[in-house]
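Read the structure below first, then the notes.
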Amino acid sequence: MKGPALLIGCAAVTTLLVQPVKAAPKDDALDLFAQWTSLFNAGDLDGLLAIYASDASVHGTTSPNLAIGTEALKAYFTPALRAKNQVKPVGDPVVAEAGAGAVVMSGYYEFSGTRGDGQPFTVPARYSFVMIGSGTTARIAHQHSSPRPRPAN
């Protein structure tokens with residue numbers, strides 16, 4: 001390759017190398033989960049609600065009811081955040097693309113805090129999240145969380 005052909009070839013390679021890398025939907029889901037964990041642990045109710053879709057639903061660990069929409073999610077999360085409960089992910093989640101910009105993620109986490117009687121508690125739980133969108137527009141569309149059963153002896 002000589003002269004103009006070499007310049008064109010170099011320009012093409014340079015163009016490919018400087019293209020922005022778009023995050024994979026799985027990466028966006030992991031980032032959103034990290035953000036969820038951070039906001040929960042900080043007790044940031046407004047921030048937490050902002051990463052849910054406006055019509056999101058939550059089957060919460062401590063509620064017998066399905067919470068749907070921002071006001072219901074606010075009512076569900078407020079007591080745990082006021083009590084300064086914490087969440088810690090356990091292990092690596094399973095993340096699968098569900099098509100059309102949706103990702104399903106499931107795994108384990110532990111909630112901890114202090115009961116009203118002053119006694120500390122830890123609740124092992126399992127979760128599933130359905131996340132939609134990408135990048136800064138990624139939102140949680142559904143969350144299911146339930147206590148983790150004890151292993152069989």
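Answer yes or no as to whether residue 101 is in contact with an Asp or Glu (Cβ under 9 Å, 6 or more places away or on another chain) and open to solvent by less than 50 Å² (accessible area, probe 1.4 Å).
On the way: in contact with an Asp or Glu (Cβ under 9 Å, 6 or more places away or on another chain): no; open to solvent by less than 50 Å² (accessible area, probe 1.4 Å): yes.
Judged against the criteria, residue 101 is not a match.
Could you pull out every one of the helices (runs of 4 or more DSSP H) wholly within the range 1-98 that has 3 or more residues that are of a type in the set (Gly, Ala, Ser) and either at pLDDT 95 or above or open to solvent by less than 60 Å² (accessible area, probe 1.4 Å) (or both)? Walk me through how you get there before you give the answer.
Numbers: elements: 3-17, 25-42, 45-50, 70-82.
Ranges flagged: 3-17, 25-42, 70-82.
Is there a residue in the range 116-134 that is of a type in the set (Gly, Ala, Ser) and over 17 Å from the mean Cα position of the chain (by Cα)?
First pass over the range 116-134, keeping only residues of a type in the set (Gly, Ala, Ser): 116, 118, 125, 128, 133-134.
Checking the rest, the ones that are also over 17 Å from the mean Cα position of the chain (by Cα) come to 116, 118.
Checked the range 116-134: at least one residue is of a type in the set (Gly, Ala, Ser) and over 17 Å from the mean Cα position of the chain (by Cα).
Which of the residues that make up the range 115-131 are open to solvent by less than 90 Å² (accessible area, probe 1.4 Å) and either of a type in the set (Lys, Arg) or out of contact with any helix residue (DSSP H, G or I) (no Cβ under 7 Å at 6 or more places or on another chain) (or both)? Break it down into steps so the answer makes sense when it comes.
Our first condition is that a residue be open to solvent by less than 90 Å² (accessible area, probe 1.4 Å); within the range 115-131, this holds for 118, 121-125, 127-131.
Answer for the range 115-131, where residues must be open to solvent by less than 90 Å² (accessible area, probe 1.4 Å) and either of a type in the set (Lys, Arg) or out of contact with any helix residue (DSSP H, G or I) (no Cβ under 7 Å at 6 or more places or on another chain) (or both): 118, 121, 122, 123, 124, 125, 127, 128, 130.
Among the candidates 123, 94, single out the residue that is closer than 26 Å to residue 27 by Cα and of a type in the set (Val, Ile, Thr). Outline the logic, then answer.
Numbers: 123 fails: closer than 26 Å to residue 27 by Cα.
Within the list 123, 94, the selection yields 94.
Can you find a residue in the range 117-126 that is part of a helix (DSSP H, G or I) and of a type outside the set (Gly, Ala, Ser)?
no
When residues of the range 127-153 are filtered for being free of Cβ contacts under 8 Å to residues at least 24 places away in the same chain and in a loop (DSSP other than H, G, I, E, B), how many remain?
Of the residues in the range 127-153, 5 are free of Cβ contacts under 8 Å to residues at least 24 places away in the same chain and in a loop (DSSP other than H, G, I, E, B).
Does residue 110 fit the bill of being under 12 Å from residue 145 (Cβ atoms) and either within 17 Å of the chain's Cα centre (by Cα) or open to solvent by 80 Å² or more (accessible area, probe 1.4 Å) (or both)? Can you show your working first?
Working: under 12 Å from residue 145 (Cβ atoms): yes; either within 17 Å of the chain's Cα centre (by Cα) or open to solvent by 80 Å² or more (accessible area, probe 1.4 Å) (or both): yes.
Spelling it out, residue 110 is indeed under 12 Å from residue 145 (Cβ atoms) and either within 17 Å of the chain's Cα centre (by Cα) or open to solvent by 80 Å² or more (accessible area, probe 1.4 Å) (or both).
The values are calculated or read from the model by the stated rules, or taken from the named source; none is laboratory data. Just so it is clear, the model here is predicted, and its values are computed rather than measured. Cβ sites come from the backbone with ideal geometry, for glycine too, and all protein chains shown count toward neighbours. The accessibility values were calculated without ligands, DNA or RNA, using every heavy atom of the protein model including side chains. Shrake-Rupley method; radii C 1.70, N 1.55, O 1.52, S 1.80 Å.
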